[in-house]
Amino acid sequence: MKKLVLKLIVYSILVVLSLEILVRVFHLTKDYPERYVDEYDVEKWVPNQEGYSVTGNRRQNFSKYHINKLGFNSYREFNPSKDKVEIALVGDSFIEGFHQNYYNSIGKKIEDKLKGVEVYEYGYAGYDLADQLHLINKYKKQFDFIDHVVLGLKFENDLTRGEYNVVQDRMVFETPLYKLMKEIKLIVYLQSNGFFDHIRELGKKTMSIENSLDEPKINKEDTQKNIELKYFENFMNLISIYGFDKTRFVFLIESKKTPELFLAYLKRENFKYIDFSKPFETSKRTPTLIYDKHWNNHGRDIIANLITDYIK
């Protein structure tokens with residue numbers, strides 16, 4: 001019996017080691033760049049990193065990223081001046097572009113269409129409007145030179161707070177424990193492909209069942225209205241704190257997923273926005289990845305064309 005147990009332990013270790021080697025040799029999982037909070041309380045990536053972003057259990061999406069000196073994924077450094085025409089793209093993972101080779105980004109596509117223009121991509125996964133406006137405020141000297149600033153805005157998740165603070169939940173990934181886990185590529189691979197999701201979901205379901213026993217029934221329609229009003233309030237609060245240059249700033253919005261009340265307010269108050277709903281809906285090819293809602297290369301072509309047309 002002891003020999004059997006010993007063999008099982010040895011074989012298990014060998015299997016795990018073999019799988020770890022397999023994942024590393026075939027680069028089946030992503031490289032996680034390190035993040036940090038700079039002296040201005042702006043969260044971003046540690047400068048001068050390179051690696052590969054991998055999505056899907058069969059490496060369905062494999063792309064290279066390059067973090068520049070300022071801490072953003074880009075094919076160029078950001079050096080705005082009065083003598084050039086520059087465009088800034090500010091937003092979350094859709095602007096960050098880890099799902100596309102950094103040298104084929106939205107910014108590069110725009111530059112190919114607008115000769116002589118430089119495009120700076122201030123994209124970081126998880127950025128909401130508070131993050132974006134805080135970044136622009138803290139790097140005001142840099143942004144004052146930039147001629148056009150495009151801010152990605154998703155109403156459903158970019159307006160959940162009305163003031164800025166560092167999101168500590170994201171910084172947990174830089175703790176010693178998480179850093180150690182990221183070094184074990186097999187764990188990263190399993191986590192990326194949802195291996196641990198069932199365990200988390202089971203825990204959430206158990207908690208929700210327990211809580212639902214004591215909670216009164218809530219009208220979902222009224223709840224949605226309250227959420228939208230709260231997001232509206234958060235938007236106005238952020239604008240009052242940071243201001244908004246309507247001559248240079250423009251939102252990038254999917255109107256189909258944005259409440260009519262909010263769109264009407266933007267129009268009434270002369271907030272400019274670029275709407276990509278119709279081009280996405282009428283596209284003969286899908287603009288998003290099959291296994292992910294992020295834009296694929298075709299989707300990024302559409303976004304680049306829309307921004308180019310707006311600038312022209």
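The values are calculated or read from the model by the stated rules, or taken from the named source; none is laboratory data. The structure presented is a predicted model; accordingly, all values stated were derived computationally and were not measured. A quick note on method: Cβ atoms are made from the backbone with ideal geometry, for glycine too, and the neighbour counts reach across all protein chains shown.
Conditions (1) under 20 Å from the mean Cα position of the chain (by Cα); (2) in a loop (DSSP other than H, G, I, E, B); (3) surrounded by fewer than 12 Cβ atoms within 10 Å (Cβ to Cβ), marked per residue:
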| residue | (1), (2), (3) |
| --- | --- |
| THR223 | no, no, yes |
| LEU229 | no, no, no |
| PHE235 | yes, no, no |
| LYS246 | no, yes, yes |
| PHE251 | yes, no, no |
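Which of the residues spanning segment 97-132 are of a type in the set (Gly, Ala, Ser), in contact with a helix residue (DSSP H, G or I) (Cβ under 7 Å, 6 or more places away or on another chain) and over 16 Å from ARG300 (Cα atoms)?
Passing the criteria: ALA125, GLY126, ALA130.
In segment 260-287, what residues are touching a residue at least 40 places away in the same chain (Cβ under 8 Å) and closer than 16 Å to ILE239 by Cβ?
Across segment 260-287, the qualifying residues are PHE262, TYR273.
Just to verify a result, which residue in segment 39-86, among those that are among the hydrophobic types (A, V, I, L, M, F, W, C) and within 19 Å of the chain's Cα centre (by Cα), is nearest to VAL166 (Cα to Cα)?
VAL42
Pull out all pairs, ordered by first then second residue, where Cβ-Cβ is under 7 Å, the residues are six or more apart or on different chains, the first lies in segment 75-102 and is at positive phi and in a loop (DSSP other than H, G, I, E, B), and the second is surrounded by 17 or more Cβ atoms within 10 Å (Cβ to Cβ) and modelled with pLDDT of 95 or more.
Pairs that qualify, where the first residue is at positive phi and in a loop (DSSP other than H, G, I, E, B) and the partner is surrounded by 17 or more Cβ atoms within 10 Å (Cβ to Cβ) and modelled with pLDDT of 95 or more, are GLY97/ASN73; GLY97/SER105; GLY97/ILE106; GLY97/GLU121; GLY97/GLY123.
Checking the conditions here, which among VAL119, VAL85 is at pLDDT 95 or above, within 20 Å of VAL250 (Cβ to Cβ) and surrounded by fewer than 20 Cβ atoms within 10 Å (Cβ to Cβ)?
On inspection, the qualifying residue turns out to be VAL85.
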